[in-house]
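Peer 1: Got a structure here, written out as structure tokens. Questions coming.
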Amino acid sequence: MPESATAQDAKLAINGGTPVCRKPIPFMAPKLHPEDIAAAHAVLESGMLRAHTNCAELERQFADKTDAKFGLTCSNGTCALQLAYEGLLERGDEVIVPAWTYIATASMLVARGCKVIFCDSLEDTMQVDPADIEQRLTPNTKAIAVTHLYGMPVDIDAIQTIAEKHNLKVIYDCAQSHLATYKGKGIGAFGDACTYSFYATKNLGTGEGGLVTVNDESLNHEIGLIRSHGESDKYLHTRIGYNYRMNDITGAIGLSRLQRLEEETNARRAAADAYDKLFAEVEAVETPTRTEGADAAWHLYSLKLNLDTVSCTRDEFTKALIAEGVPCAVHYPKSLTDQPAFADVVTDHPPVARRLATRVFSIPMHHELTDEQVRNVVDAVAKVASAYAK
């Protein structure tokens with residue numbers, strides 16, 4: 001097919017334009033179950049809408065399931081980052097952060113008044129590159145902020161070794177990584193703080209909501225103060241803080257959904273295993289490489305398009321996939337160093353992050369995927385790859 005071919009041409013080129021998936025496959029499965037709705041309804045009937053027993057129990061159970069000592073619920077995942085950063089960092093601190101991540105990981109550092117130093121990621125796992133972190137360390141570096149991207153943990157041993165060697169704090173952005181593990185431990189066991197998002201489409205989605213886990217009692221107390229106006233006692237404010245509390249309706253939904261999260265995560269892992277096996281026959285795409293010792297939560301299953309094997313761009317490829325009944329999304333279309341919001345703080349453009357921005361796309365991944373749907377997704381990718389083959 002010539003390089004000028006459009007996505008519509010790709011659709012029409014095979015089987016007379018009949019899409020692989022006659023019924024579109026859901027990209028995610030964020031719906032609530034009756035028990036979730038009942039839990040929220042019970043809070044509404046009680047009249048105790050503020051953060052109360054459901055939030056407290058969600059904190060306890062979530063911390064336990066992630067091998068952390070303490071959990072603190074909050075308004076959303078971005079607030080979770082802000083709470084962790086404010087509890088651990090000072091204005092002017094230099095912090096290394098990946099260029100290949102969602103904007104909040106870095107933007108909340110800027111909001112804290114920190115100096116951000118963008119580092120690169122690994123081409124295979126798409127996780128942060130520990131070697132590049134080490135190259136960017138200066139005497140002023142105070143911390144590393146790292147994302148377990150797409151639900152896959154980073155090489156935690158490498159990160160912790162760097163941190164211990166240089167006396168650095170580590171904040172893990174776990175917004176996409178509920179119940180991921182590393183070498184048999186929940187990821188909450190590592191670092192100074194871990195932050196989570198309960199946005200509607202996350203593995204544990206409550207609409208909005210977030211949580212911070214820590215393993216230090218004094219830091220837990222400090223973040224608790226920051227979360228609620230710095231209030232150590234009724235109308236006694238010992239520091240400046242915010243109102244980042246979760247409400248008990250959200251807490252009830254989260255607590256209810258948490259009871260199913262392990263089972264749903266295992267279903268995601270089974271779907272990822274099936275994708276890995278079937279995509280081995282499709283030369284045009286690379287499946288996500290797994291971090292050694294990690295068991296991912298598979299919030300997203302993100303492929304990399306082998307641009308040398310096709311005569312189209314990633315965006316043309318995904319447009320053709322959508323025409324085949326396979327929804328896809330791009331996480332993310334730009335490296336953070338190419339985002340206008342960071343124009344005044346960028347010093348260079350990590351090259352792998354920039355390349356990933358042209359290659360990566362995500363396909364359906366959730367706990368309700370059937371074997372047939374997985375097969376259809378792979379068939380659709382193979383069909384489009386064949387249509388665009390060089």
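Peer 1: Right, Arg227: closer than 30 Å to Phe361 by Cα and basic (Lys, Arg) or not?
Peer 2: no
Peer 1: Further, regarding this structure: (1) part of a strand (DSSP E or B); (2) buried (at least 18 other Cβ atoms within 10 Å of the Cβ): which one isn't true of Leu204, the others all being true?
Peer 2: Single failed check for Leu204: (1).
One line per residue, one yes/no per condition, for (1) closer than 29 Å to Cys55 by Cβ; (2) out of contact with any His (no Cβ under 9 Å at 6 or more places or on another chain); (3) assigned to a loop (DSSP other than H, G, I, E, B):
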{"site": "Gln259", "(1), (2), (3)": "yes, yes, no"}
{"site": "Glu263", "(1), (2), (3)": "yes, no, no"}
{"site": "Arg269", "(1), (2), (3)": "yes, yes, no"}
{"site": "Ala274", "(1), (2), (3)": "no, yes, no"}
{"site": "Glu281", "(1), (2), (3)": "no, yes, yes"}
{"site": "Ala297", "(1), (2), (3)": "yes, no, yes"}
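Peer 1: Only residues that are within 19 Å of Tyr332 (Cα to Cα) and crowded, with 24+ Cβ neighbours inside 10 Å: list them for the range 84-104, please.
Peer 2: Of everything in the range 84-104, those that are within 19 Å of Tyr332 (Cα to Cα) and crowded, with 24+ Cβ neighbours inside 10 Å turn out to be Val97, Pro98, Ala99, Trp100, Thr101.
Peer 1: While we're looking at this one, here's another question. Kindly indicate which of Thr125, Thr73, Thr101, Thr105 is in a helix (DSSP H, G or I), within 20 Å of the chain's Cα centre (by Cα) and polar (S, T, N, Q).
Peer 2: Of the residues listed, the single one that is in a helix (DSSP H, G or I), within 20 Å of the chain's Cα centre (by Cα) and polar (S, T, N, Q) is Thr105.
Peer 1: Within the range 347-374, track down each residue that is in a loop (DSSP other than H, G, I, E, B) and surrounded by fewer than 17 Cβ atoms within 10 Å (Cβ to Cβ).
Peer 2: Across the range 347-374, the qualifying residues are Thr347, Asp348, His349, Glu368, Thr370.
Peer 1: Let me ask you something else. Kindly indicate the residue of the range 264-291 that is in contact (Cβ under 8 Å) with a residue 40 or more places away in the chain and either in the same structural domain as Leu225 (by TED's automatic domain parsing) or of a type in the set (Val, Ile, Thr) (or both) and also nearest to Pro34 (Cα to Cα) among those meeting that condition.
Peer 2: The extreme case among them is Thr265.
Peer 1: Looking only at the range 44-70, count how many residues are of a type in the set (Lys, Arg), under 22 Å from Tyr172 (Cα atoms) and either buried (at least 24 other Cβ atoms within 10 Å of the Cβ) or over 19 Å from the mean Cα position of the chain (by Cα) (or both).
Peer 2: Selection size over the range 44-70: 2.
Peer 1: Criterion first (farther than 26 Å from Leu204 by Cβ, in contact with a Gly (Cβ under 8 Å, 6 or more places away or on another chain) and outside the structural domain of Met126 (by TED's automatic domain parsing)) does Ala297 satisfy it?
Peer 2: No; evaluated as a whole, the condition is false for this residue.
Peer 1: Still on this structure, please answer the following. What about Ala84, is it under 30 Å from Ala357 (Cα atoms), among the aliphatic types (A, V, I, L, M), part of a helix (DSSP H, G or I) and touching a residue at least 12 places away in the same chain (Cβ under 8 Å)?
Peer 2: Answer is yes for this residue.
Peer 1: Still on this structure, please answer the following. Under 19 Å from the mean Cα position of the chain (by Cα) and not acidic (Asp, Glu): which single residue out of Ala252, Ala272 fits that description?
Peer 2: Ala272
Peer 1: Sticking with this one: Based on what the data block shows, is Gln160 touching a residue at least 12 places away in the same chain (Cβ under 8 Å), at negative phi, surrounded by 24 or more Cβ atoms within 10 Å (Cβ to Cβ) and not basic (Lys, Arg)?
Peer 2: no
Peer 1: Being crowded, with 24+ Cβ neighbours inside 10 Å and assigned to a helix (DSSP H, G or I) is the filter; apply it to the range 108-122 and report the residue that is farthest from the chain's Cα centre (by Cα).
Peer 2: Leu109
Peer 1: A follow-up question, please. Specify which of the listed residues (Ser386, Ser302) is in a strand (DSSP E or B) and either assigned by TED's automatic domain parsing to the domain that holds Tyr182 or of a type outside the set (A, V, I, L, M) (or both).
Peer 2: The conditions single out Ser302.
The values are calculated or read from the model by the stated rules, or taken from the named source; none is laboratory data. Every value quoted in this text rests on a predicted model; they were computed, and no experiment measured them. When we count neighbours, we look across all protein chains shown, and the Cβ atoms used for this are built from the backbone with ideal geometry, even at glycine.
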